[in-house]
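Reviewing the structure listed below.
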Amino acid sequence: MSQLPLYDVNGKNLGELNAPDSVFAQKSNDQVIYETLKWYLASQRRGTHSTKTKAEVRGGGKKPWRQKGTGRARAGSIRSPLWRKGGVVFGPKPRDYGYALPKKVRKLALKVALSDKAKEGKLKVVAELKLAQVKTKEAKKLLNLLKIYGKILILCPGENKDLEKAVRNIAGVKVIAPENLNIYDLLNAEWVVAERQAIEKLEGALN
C-alpha cells in the first residue's frame, strides 16, 4: 500500500492514509499519457467547420457567356472554384474527430498521472472538505492553510455545492467528481486535492 499524507481543513497533518499501489504507485509512462491526452483533445473537438462547394454557393446558375466564339475560356458558372467568390474544392466539412481508445489505456494514463502527482508531493488528501461558511474567502483560507496555489483540481465524492460555490470565483480552481476525472484536467493542474472518500472512489473507478 502507498502512504499518502492526510490533512484536516486547517492544514494540520493527521498522519498517513493507506492508498492502493495499483493507483498511486505506477511507473511513469509518457507514451500512455500522450496517447490518452491526444484522444481526449480529439474527442473534445466540435468539428463544425464547413466551407461551401460550387453547388452550395448562392448564384451562378446562369452561364456567364456562350460556349464558343468569344475568344475567352469556357465557363459554366461564376461560382466556379477558379473564380473569385466561387466554391471551395476539398474544403473542410463537419466531421467527428473522435476515435476509440481502449478503456484500459485510458485508466492506466490516469493512474500514471496520479502516481506522478503523488511522487512529486503535489497530491494532498484532506479528511473532509467542509467550509465554515460558503464564502470565497473561506475557500481561499483553506487553500492557503494547505499551502497550495496556482491551478488546483479538487476531487470531491458526490455533490459538494457549498465548496463549488465557494471556489467558482477563484481562478484556476476546479471541483470534479472522481468518476468524471479526465487526463486533461489532471495534467493541467499544478496541485490535486482529494477528500479521503474520493481516494476510495478512485480505487473503485480505476481498478
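What is the local net charge at Met1, summed over the other residues whose Cβ is closer than 12 Å to its Cβ (Lys, Arg +1; Asp, Glu -1)?
Value of the local net charge: -3.
With a cut-off of 14 Å, note down the residues of segment 160-184 whose backbone N falls inside the zone around a label point 7 Å from the Cα of Val134 toward its beta carbon.
160-169
Modelled label-to-label distance, Gln67 and Glu190, 7 Å Cα→beta-carbon offset: nm?
7.2 nm
Report the paramagnetic label zone for Tyr99: residues of segment 17-43 whose backbone N is under 17 Å from a point 7 Å from Cα along the Cα-to-Cβ axis.
Within reach of a label on Tyr99, which here means backbone N under 17 Å from a point 7 Å along Cα→Cβ, segment 17-43 contributes 31-43.
Relative to the longest principal Cα axis of the chain, at what angle does helix 196-206 sit, 0 to 90 degrees, rounded to 10?
50 degrees
Give me a comma-separated list of calculated 3J(HN,Hα) values for segment 94-106, in order, Karplus coefficients 6.51, -1.76, 1.60 applied at θ = phi - 60°, integers in Hz, x for any Gly or Pro.
Result, ordered by residue: x, 7, 9, 8, x, 8, 7, 9, x, 4, 4, 5, 5 Hz.
At most 11 other Cβ atoms within 10 Å and a DSSP loop assignment: could you name the GluC sites (Glu not before Pro) in segment 95-143 that fit?
Answer in residue order: Glu128.
Run the quick spin-label model on Leu82 and Asp162: label points 7 Å from Cα toward the beta carbon, then report their separation in nm to one decimal.
7.4 nm
Please give me the summed charge of the neighbours of Gly61: other residues whose Cβ is under 14 Å from its Cβ, Lys and Arg +1, Asp and Glu -1. Could the numbers behind the result be given before it?
Details: positive: Lys54, Arg58, Lys62, Lys63, Arg79; negative: Glu56.
Local net charge: +4.
Out of Lys85, Lys111, Lys27, any idea which swings most in a Gaussian network model of the chain, alpha carbons joined below 10 Å?
Evaluated over the chain, the most mobile residue of the options is Lys85.
Expressed as an acute angle from 0 to 90° and rounded to the nearest 10, what is the orientation of the C-alpha long axis of helix 30-44 relative to the principal long axis of the chain?
The two axes meet at around 60 degrees.
Given axes a ≥ b ≥ c from the Cα gyration tensor, I'd like to know whether segment 51-91 is rounded (a/c under 1.5), prolate (a/b larger than b/c) or oblate.
It comes out prolate by the Cα gyration axes.
Which of Lys117/Lys137; Lys104/Lys151; Lys52/Lys103; Lys124/Lys161; Lys12/Lys161; Lys130/Lys201 have a Cα-Cα distance over 29 Å?
Flagged as over cut-off: Lys52/Lys103.
Explain nothing, just the number: relative contact order of segment 51-91, from Cα pairs under 8 Å at least 6 residues apart, as a whole percent.
49 percent.
Compute the FRET efficiency between Ala127 and Glu203 as 1/(1 + (r/R0)^6), taking r as their Cβ-Cβ distance and R0 = 25 Å, and round to the nearest 0.05.
Step by step, r from the Cβ atoms, then E = 0.90.
What residue among Leu146, Leu14, Leu110 has the largest mean-square fluctuation in a Gaussian network model of the chain, using Cα springs under 10 Å?
Leu14
Please arrange Tyr97, Tyr40 by how many other C-beta atoms lie within 10 Å of their C-beta, fewest to most.
Tyr97, Tyr40
I need to check one value: relative contact order of the chain, counting alpha carbon pairs closer than 8 Å and at least 6 residues apart, in percent.
25 percent
Read-outs throughout are calculated quantities, based only on the coordinates presented, and are distinct from any laboratory measurement. Note that the coordinates shown come from a computational prediction; the quantities given were computed from them, not determined experimentally. Methodologically, a virtual Cβ is constructed for each residue, glycine included, from the backbone with ideal geometry; neighbour enumeration extends over all protein chains shown.
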